[in-house]
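Structure first, then comments.
The values are calculated or read from the model by the stated rules, or taken from the named source; none is laboratory data. Because the structure is a prediction, the values reported are computed rather than measured. Note: ideal-geometry Cβ built from the backbone for every residue, glycine included; neighbour counts use all protein chains shown. Accessible surface areas use protein heavy atoms only, side chains included; no ligands, DNA or RNA. Shrake-Rupley method; radii C 1.70, N 1.55, O 1.52, S 1.80 Å.
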Amino acid sequence: MTYALKTDELTKIYGTGEASVTALDKITLEIREERFTAIMGPSGSGKSTLMHCLAGLDGIDGGEVWLGDTALSGLNDRGLTTVRREQVGFIFQQFNLLPMLTALENITLPLTIAGREVDREFLADVVAAVGLGDRLDHRPSELSGGQQQRVACARALLPRPQVVFADEPTGNLDSRSGLDVLRFLAGSPGRFGQTVVMVTHDPQAAAFADRVVFLADGRLAGELHAPTVDGVHAAMRELEAA
Amino acid sequence: MWRVAMRGLLRRKLRLALSGISVLLGVMAVSGSMIAAATLGEGFTRTFGAAFAGVDVMVTGKPAPGQQAGPRDPLPPVTQSTVDKVSAVDGVDRAFGVVTVDGARPVGKDGKVIVLQGPPRYGVDWRGESDQIQLRTGRGPSQEDEVAINAGLAEIGGFAVGDPIDVITSQPRRTFRISGIYGYRDGRASLGGETQVAFTPPVAQQLMLGGTGRYSSITVKSTVDPAVLKDRVAGALGNGFLVRTGKEASAAATAALTEIIDLVGTILLGFSALALLVGVFLVVNTFTMLLAQRTGELALLRAIGASRSQLIGMVQLEAAVVGLAASVVGFGLGIGVAALLKAVMQSRSGSQLPVGILIPEYALPAALVVGVLVTCAAALWPALRAAAVPPVAAMRASAVEAKGIGVLTAVGAVLSVAAVASLSAGLGYPGLLAGIVLLLLGVGLLTPLLSRWAVRAISWPVRRLVGAPGLLGERNAVRNPRRTAATVAMLMIGVALVSGVSVVTASLQASATASLTTNLGSDLVITGDSAGPPRGAGRGEGGPPKNGTPSFDESVIARTRALPGVAGAAAVRTDQGVLADTRQLLFAADVPVLLSTLGIHSDVSTVDKDAVLLDDESLRERGLRAGDTVTVTTSTGVARQLRVAGTYAASYLLRGPLLSTADGFAVDRPSSGYIDLVPGADAGRVKAEVSAMLRDNPEITVADSAQLVAASDNQIASLQTVLYVLLGLAVLIGVLGVANTMALSIVERTRELGLLRAIGLHRGEVLGMVSFESVLLALFGAALGVGVGVAAGVATVHAAAGDGLGTLALPWGTLAAFLALAVLSGVVAAALPARRAARTRVLSAVAYG
């Protein structure tokens, strides 16, 4: 069994001394390759912090994160940037695209930054999967919100990163556009062999995942495999009641 | 509203301060010029007024029409009989003739003539001590070979009583012994930096005025009201004399200096206008961007009930505070500028001005009003735009996107076409000026359109090398064409002016070189002027023989002719005279010898005493023809009716009326000489031999054409330097504009920067991206500026082709240097914004929005 992502007693503390808050408390977690994993939890549970630490957006204060073979602890800004450049893809809730680049340029931007060649065939596959064929020459301001987020999806996948992280990817979309995005993400492991980790608070979105990991007060609080909407609802209610 | 405005101001103080800098510089120049003009004017008036303190009425010869009654043109002398007439006028207590004439050139102990930059070198007659003049050591001159000198000259030359001193006047160099050194009542060594050599009266009359019994002026003392006495004296003397009160004479004496002060003031005012114009752009740009960033805030204010006029008022209030602060600081710096100018003028003229810094009462209010009005006017357009924000915009969190540029482009195209038409139509200087202004405006309006492809064209060759930062920087540079245009407009104007000046000065140098090397007509030139022989006389602005015209003995020419290798030699006498009511340098020579030596073609071979030969350009300009009669007046007031005998082709060396006699010239000795060599002769040897003949005459040198070229280049180069310094400041403001835009853009793009960092752009690459954008903007502005400047410069050279600018030269090296500097300034302008951009925190920029 191979893992795309592993943590070993990952700890994150904000502030110092008496004012310090332990945002993540010794989290040990393994995420397998070619799976779509959702991280869920109530507000303040630390799910966004967890994603930032996993993706190299934020430093860690204890334990270890393994992104593929790369250990993230002890990396400086330059090292973390390189990790993000080469092993991570991002989809954010909003403001995902650069307004002065066309859709195609946005999609290929990570490869441009890394100075890598574009795999034309793979590009065509991904673009076809997100359904943007005729909109590639448009600027973001000429695209709908759903189209913009699909461009962001294509951008995240194109470099074939170790893991694609999606942070509330449907939070700003209407339900139909949201469904398009979720279907694409859910199909990515099978279609492209892509590992996807999504942070969300929406049980309906989480139900698209192969596995849901629950977080509460910075600690792991259970998980569901092959979740249903009702199952996720029930688990969340339980956490919020606790 | 006041409190909201103040809060807003404090939060953005750094960026507002940046926009205020240009207003500050403009106000600095405005107030500096006002204060300097007042200070220098008053200082020089008091200094020179002292010389006329004991004079109630002064009588001099009358200047010919076209001459000035100032110190630049020597006035015709008066004689003893006139003194007697004045003495007999009712109410005159005492009248006496005096000699005070510029042109007594002392030779220093190093053998070189003592040269002053500006103040005169007077030769005067010693009339004993007075309430003004007091001997410090020694006694007055009593022998023909004795002189007293003023303490100013003693200090400059290191002279003491008993020392010998050589003085050159209208006569050749003569040696005197110093019998005494005098100063002035209030302890001053000189009145205004001038040197004085006091001879015994007959010697002064002979040397300075060319004969005994002559005076440069008559001083009248009286108890009668000077204005009344002036009319009486004038009535008694009749026409032909200039009668002035002491006050009037004093004002005329300062007139020449006032001209310089006015010129400095005009240059400063021109610069301040430029700085303020650029300041308008900067303020418009800053306020537009700041208000765009505050769209939500403004909409919120509207939503909770603020009216449009309240928003406009709020923005105007912010602008007024910025303008006021900039004006106050600018005014303070303006005082410094005036003090600096005063110090420069004092060291240049060697004088101490008896005033501190005079600040006219109107200066502070004027400076504040200018600064505040300019800032408020510039902020009005952004304010109106801001007020048009609909209240619902508060609910929409969208950035303001670029507006259309169709109307701007159309107007810009029309203006540019009009400019090109005006520049190429050959409408003379007014058409040229209008064309340049139209071109600046037109290109300014076309800039948004041009930016779309020009920036890409500039970035294309290097973009691939720079990678992703290059692509991103390029796209950022063109994403808002209007902002790009407003940003580079300031730089464009500055660079356009600098490039235009560089084209014109390069052409000036090339033209001078061309005329000096191709048709000088003379292999060697004997001249007392380091910049070559007197010229430019064709326009009536001839070089004034200010501190006396250096001259040499005619026998030098005869001896030169006898040297082996010399084909011919000719001597020319010059005098600042008047030709038909216009100041004009007059030439006198043995006409056939001169023309053949210079190889100048003429339609007549000899000119008799009652005729004059005119160069073809002067003839054409004045609409004269051969056979016409013109009035020619010399500097000593001798007026003659002369027949125009014919014409000759004007050249670098000779341009103006050519007479056959020097009757009435102030100096009856040659001031320049021309030597023609046989082909293959050793020019260096002839030059050395002629120089040896002139060894005793430290004012006169023998120059070959290479030396004349170098001297003329030098003159142009120093002019260029002054212009470059001023225009360089304008370019600096333009760079500030780029820095300003970059700083504001970085703030706007915080989240984009965060995204880029999140998906893997290193800090160094962010630095590179911002710097690349800044360099592109700077280079685009500079390229536009160079283009416009070269066009304007070429048009100027064409328009001035008739005025001695025959050769067009494009200083490619200089223009390329401007572009290289633009690259550098782009990097500098981006330094702080880029660092700030590189420090963008990924999480706060992207994760929580």
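Results, tabulated for the structure shown:
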read-out: Accessible area buried at the B-A interface, both sides summed, 1.4 Å probe (Å², nearest 100); value: 2500
read-out: Accessible area per residue in Å² at 1.4 Å probe, computed on segment A:157-221; value: 37
read-out: Cα shape, segment B:100-207, gyration tensor, a/c 1.5 rule; value: rounded
read-out: Kirkwood Rh, Cα atoms: Rg over Rh of chain B; value: 1.07
read-out: Computed [θ] at 222 nm, deg cm²/dmol, chain B (DSSP H ≥ 4; -39,500 (n - 2.57); rounded to nearest 500); value: -19000 deg cm²/dmol
read-out: Dipole magnitude of segment A:3-241 about its Cα centre (Cβ charges: Lys, Arg +1; Asp, Glu -1), debye to nearest 20; value: 380
read-out: Cβ-derived FRET efficiency at R0 25 Å, B:VAL115 paired with B:ALA683, nearest 0.05; value: 0.35
read-out: Degrees, to the nearest 10: B:428-466 long Cα axis against longest axis of chain B; value: 50
read-out: For the protein assembly as shown, alpha-carbon Rg and Dmax in angstrom; value: 41.5, 131
read-out: Rounded accessible area of B:MET208 (nearest 10 Å², 1.4 Å probe); value: 20
read-out: Share of carbon and sulfur in the accessible heavy-atom surface of segment B:529-699 [1.4 Å probe, %]; value: 49
read-out: Model label zone, B:ALA457; criterion: amide N under 20 Å from point 7 Å along Cα-to-beta-carbon; scope segment B:775-798; value: B:775-794
read-out: Whole-percent carbon and sulfur share, accessible surface of segment A:3-241, 1.4 Å; value: 43
read-out: Cβ-based net charge around A:SER177, under 13 Å, with every Lys or Arg adding one and every Asp or Glu removing one; value: +1
read-out: Förster-model FRET efficiency, 22 Å R0, B:ALA388 and A:GLU142, C-beta, rounded to 0.05; value: 0.35
read-out: Angle between chain B longest axis and helix B:246-293 axis [Cα atoms, degrees, rounded to 10]; value: 10
read-out: Ranked order, B:ARG46, A:ARG120 - accessible area, probe 1.4 Å, largest first; value: A:ARG120, B:ARG46
read-out: Accessible area in the full protein assembly, largest first, 1.4 Å probe, for B:LEU364, B:LEU694; value: B:LEU364, B:LEU694
read-out: Full-extension gain in nm, B:LYS221 to B:THR721, via 0.36 nm per residue minus C-alpha separation; value: 175.1 nm
read-out: Where the Cα pairs of segment A:3-241 fall when distances are cut into 5 Å bins, in %; value: 1, 7, 14, 18, 20, 17, 12, 8, 3, 1, 0, 0
read-out: Range in chain B, longest, excluding exposed GluC sites (Glu not before Pro) [loop by DSSP; at most 11 other beta-carbon atoms within 10 Å]; value: B:402-849
read-out: Solvent-accessible surface ranking, highest first, for B:LYS230, A:LYS12 at 1.4 angstrom; value: B:LYS230, A:LYS12
